[in-house]
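Shown next, in structure tokens, is the structure this report addresses.
The values are calculated or read from the model by the stated rules, or taken from the named source; none is laboratory data. These figures come from a predicted structure and were not determined experimentally. Cβ sites come from the backbone with ideal geometry, for glycine too, and all protein chains shown count toward neighbours. Note: accessible area is taken over every heavy atom of the protein model, side chains too, but ligands, DNA and RNA are not part of it. Shrake-Rupley method; radii C 1.70, N 1.55, O 1.52, S 1.80 Å.
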Amino acid sequence: MGFTFTATLPERGFDVSFELAPGETLAVLGPNGAGKSTLLDLVAGLLAPAAGRAELDGTLLFDVGGGRRVLTEPRHRGVSLLAQEALLFPHLTVLENVAFGPRSRGQHRSAARSTARHWLERVGVDDLASRRPAQLSGGQAQRVAVARALAADPSLLLLDEPLAALDVSVAPALRTLLREVLAERSTILVTHDPLDAFLLADRVLILEGGRIVESGTTRDVLTRPVTGFGARLAGLNLVPGRRTTAGFRADNGLEVQLEHEAPVGARLALAVRPVSVEVSRTAETGSGWSWIGAEVDDIEHRGDLVRVHAGGVAADVAPATAVGLGIAPGVRIFLGVHPADATVYPVDEAGLRSPAGGR
Amino acid sequence: MSGASLPRWVVAIAVVGGLFVVLPLAALALRVDWPRFVPLVTSESAQAALLLSLRTSLTAAFLCVVVGVPMALVLARTAFRGQRLVRSLVLLPLVLPPVVGGIALLYTFGRRGLLGSSLHALGVDIAFSTTAVVMSQAFVALPFLVLSLEGALRSAGTRYEAVGATLGAGRWTVLRRITLPLVLPSLVSGVVLSFARALGEFGATLTFAGSLQGTTRTLPLEVYLQRETDPDAAVALSLILVGVAIAVVGVAHRVRPLGVSAMPLIRPASERDPVR
């Protein structure tokens, strides 16, 4: 039971394989063109793979390759797709939109309507049942779209950036709603917002160039990223290095004294939040701090902090500190990391794709 | 007014062009013998022509819907080798001189035509019958419906259809409940346009169906005939056709796609209002 998926599509450089347990929510993250939409289209049946096999709760979705070419029609897959835009049928009322799925799956008109009313109530817009989509706000329309997708009672729900097109003032309420309705439902959520992954997903899968570069529980991926993209999502500096007798030596020269069970020479990664990185003009000696000298590459303003990029590491400092230290591009500074603020974990040789912390 | 941003001579030429279109219509209206208008348009031959025209044009428009909707769907929603060529051929009657279309029909369905000889053997003669009138009209009117519907289908896109399919709807349900309702306004204007084209058909009808009162002599043929013997009758009947044409233009451009304001994807604003 659950969902298994393996598919390749060479013309898009797509080669992905994963599983999903029943009731689980999987967040798929990745840069533009990573293959996230291709993944959803393959699952929904809007695109055929060159080779691969997918099965959902015992139903075969596709089995292509080796002379076989089974492609179940979208309507028989038990998969509902909710996109960035609500895409409500403009010629039908809200109620008819939501009743469309149950009707298509063979319910009688009155039964379909009561199913629709139930879901409209569930998403909190039952008072809009007789409206036309043109008369709804973006947030209302997306709520109706959620109701419509769920009313079809899908075995698997696909969400394609469901909050991306919404106003920042309505997105949080809808995110809360999704959190409620997705709790017991198998869901694949494509998003670029780590907050969606934190709040909605049990597991995270990061795609890059059509391949999975990182996957694991949301907690693991967001606290122990192994790719630059994952580190950026988690808001962490990712510093690749190796286990030494004294502790950890980064590829960029940073040495941190710490205990770790990994054997000497093993590939490790160190993750540290930019706010925990100290910035100084001199290499200070202090209890346990490790310092590395580097020239400032770039400075950017981020909210009430200034982010300094130097030596492949980002550090957040208060604006007053930045001014006080005279930090400007080209200036030589020292960056300090304390072992207590850092997480060090093993990664495989190939796991690290891009150097840490960069932008 | 936004005309202020245009060079004056452009506006001047536009006004001359407008007069070129409107003036002849005004001249026609001025030339009408109003006291005799009603008797002129209700004469036996005029009534016969009017009724025949209505009957045949409505039938032709119906025929256009029956075959034109599937044609537009195939052209807009499928991809096959030679599709562009097929589209060009289907739209050919739009630019073909109607009299050439009439000759082509004659050599297809006429007594000694491609299919006509077999049909004759079965006892079916199409040429110079009311059926021939309907076929001539449908032949020239079909591209109007196909063109308008295919464009609407393409700009509506397939995203709603994809949503419908993932909600469990079969192909027929998607077509009936999503695709066609979405393009209904364009279908209506396509029907109206093809009806109007059928009503005005002259060349193909004359060539393929001839001019027999009550059987194949439609209103435009009657106007042409009366012009020789009773110009006043020709003018009065012409005015009726002008009236129908104005009504058609009004209807065809009043119909708007549903919920356009919320759905820019259905049709870009620039295409939406070509007349006003």
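Of note:
- When B:P257, B:P268 are screened for being within 14 Å of chain A (Cβ to nearest Cβ) and at pLDDT below 60, only B:P257 passes.
- Residue check for A:P49: away from chain B (no Cβ under 14 Å), closer than 20 Å to A:E184 by Cα and assigned to a loop (DSSP other than H, G, I, E, B): no
- The residues on offer are A:V221, A:V239, and the sole one that is without any contact (Cβ under 8 Å) to a residue 40 or more places away in the chain, open to solvent by less than 10 Å² (accessible area, probe 1.4 Å) and either more than 24 Å from the chain's Cα centre (by Cα) or under 30 Å from A:A27 (Cα atoms) (or both) is A:V221.
- If only residues of the range A:71-82 that are open to solvent by less than 20 Å² (accessible area, probe 1.4 Å) and outside any loop (DSSP other than H, G, I, E, B) are counted, the one that is farthest from A:E161 (Cα to Cα) is A:V79.
- Residues of the range A:257-275 satisfying the condition of being touching a helix residue (DSSP H, G or I) at 6+ places or on another chain (Cβ under 6 Å) and either closer than 11 Å to A:P346 by Cα or at pLDDT 85 or above (or both): A:V272
- Pair list, Cβ under 6 Å, 6 or more apart: the range A:100-120 residue aromatic (F, W, Y), other residue part of a helix (DSSP H, G or I) and open to solvent by less than 80 Å² (accessible area, probe 1.4 Å): A:W119/A:V98; A:W119/A:A147; A:W119/A:L150; A:W119/A:A151
- A:R203, sole failed condition from (1) of a type outside the set (F, W, Y); (2) within 10 Å of the chain's Cα centre (by Cα); (3) surrounded by 23 or more Cβ atoms within 10 Å (Cβ to Cβ): (3)
- The set of residues in the range A:83-95 being modelled with pLDDT of 95 or more and open to solvent by 50 Å² or more (accessible area, probe 1.4 Å) is empty.
- Within the range A:145-160, being surrounded by 21 or more Cβ atoms within 10 Å (Cβ to Cβ) and not aliphatic (A, V, I, L, M) holds for A:R148, A:P154, A:D160.
So that you can scan it fast, the table gives a plain yes or no per residue for (1) over 28 Å from B:Q137 (Cα atoms); (2) open to solvent by less than 40 Å² (accessible area, probe 1.4 Å):
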{"site": "B:S5", "(1), (2)": "yes, no"}
{"site": "B:T42", "(1), (2)": "no, no"}
{"site": "B:S45", "(1), (2)": "no, yes"}
{"site": "B:L51", "(1), (2)": "no, no"}
{"site": "B:A60", "(1), (2)": "no, yes"}
{"site": "B:P70", "(1), (2)": "no, no"}
{"site": "B:F80", "(1), (2)": "yes, no"}
{"site": "B:L85", "(1), (2)": "no, no"}
{"site": "B:S88", "(1), (2)": "no, no"}
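- The range A:71-108 - residue that is of a type in the set (S, T, N, Q) and more than 8 Å from chain B (Cβ to nearest Cβ) and, of those, farthest from A:D127 (Cα to Cα): A:T72
- Where A:R68 falls short, out of the listed (1) among the basic types (K, R); (2) within 10 Å of chain B (Cβ to nearest Cβ); (3) open to solvent by 50 Å² or more (accessible area, probe 1.4 Å): (2)
- Candidate set from the range A:280-309 (those that are open to solvent by less than 40 Å² (accessible area, probe 1.4 Å) and modelled with pLDDT of 90 or more); member that is nearest to A:G228 (Cα to Cα): A:H309
- Test result for A:L128, more than 21 Å from B:T166 (Cα to Cα) and facing chain B (nearest Cβ under 9 Å): no
- The listed residue being more than 14 Å from chain A (Cβ to nearest Cβ) and free of Cβ contacts under 8 Å to residues at least 60 places away in the same chain, out of B:S129, B:S211: B:S211
- Subset of the range A:161-176 that is in contact with a helix residue (DSSP H, G or I) (Cβ under 7 Å, 6 or more places away or on another chain) and over 10 Å from A:G139 (Cα atoms) - its residue that is surrounded by the most Cβ atoms within 10 Å (Cβ to Cβ): A:P162
- Yes/no for B:T216 being open to solvent by less than 40 Å² (accessible area, probe 1.4 Å), assigned to a helix (DSSP H, G or I), touching a Gly at 6+ places or on another chain (Cβ under 8 Å) and closer than 21 Å to B:V99 by Cβ: no
- The combined condition, being modelled with pLDDT under 90 and of a type in the set (S, T, Y), is not fulfilled by B:T78.
- Candidates B:A104, B:A127, B:A76 - the one that is open to solvent by less than 30 Å² (accessible area, probe 1.4 Å) and either in contact with an Asp or Glu (Cβ under 6 Å, 6 or more places away or on another chain) or part of a helix (DSSP H, G or I) (or both): B:A76
- Failed criterion for A:A111 (all others in (1) more than 14 Å from every other protein chain (Cβ to nearest Cβ); (2) within 17 Å of B:A169 (Cα to Cα); (3) hydrophobic (A, V, I, L, M, F, W, C); (4) open to solvent by less than 30 Å² (accessible area, probe 1.4 Å) hold): (4)
- Residues within the range A:224-235 that are in contact with a helix residue (DSSP H, G or I) (Cβ under 8 Å, 6 or more places away or on another chain), open to solvent by 20 Å² or more (accessible area, probe 1.4 Å) and at negative phi, tallied: 2
- Only one entry in B:V140, B:V66 is touching a residue at least 60 places away in the same chain (Cβ under 8 Å) and either open to solvent by 70 Å² or more (accessible area, probe 1.4 Å) or not in a loop (DSSP other than H, G, I, E, B) (or both), namely B:V140.
- A:L60 fulfils the conditions (1) aliphatic (A, V, I, L, M); (2) more than 14 Å from every other protein chain (Cβ to nearest Cβ); (3) in contact with a helix residue (DSSP H, G or I) (Cβ under 9 Å, 6 or more places away or on another chain); (4) open to solvent by 10 Å² or more (accessible area, probe 1.4 Å) except for a single criterion, (3).
- Close pairs from the range B:11-37: first closer than 16 Å to B:L239 by Cβ, partner modelled with pLDDT of 90 or more and hydroxyl-bearing (S, T, Y), Cβ under 8 Å, at least 6 apart: B:L28/B:S238
- Test: residue in the range B:155-168 that is more than 13 Å from chain A (Cβ to nearest Cβ) and over 13 Å from the mean Cα position of the chain (by Cα): yes
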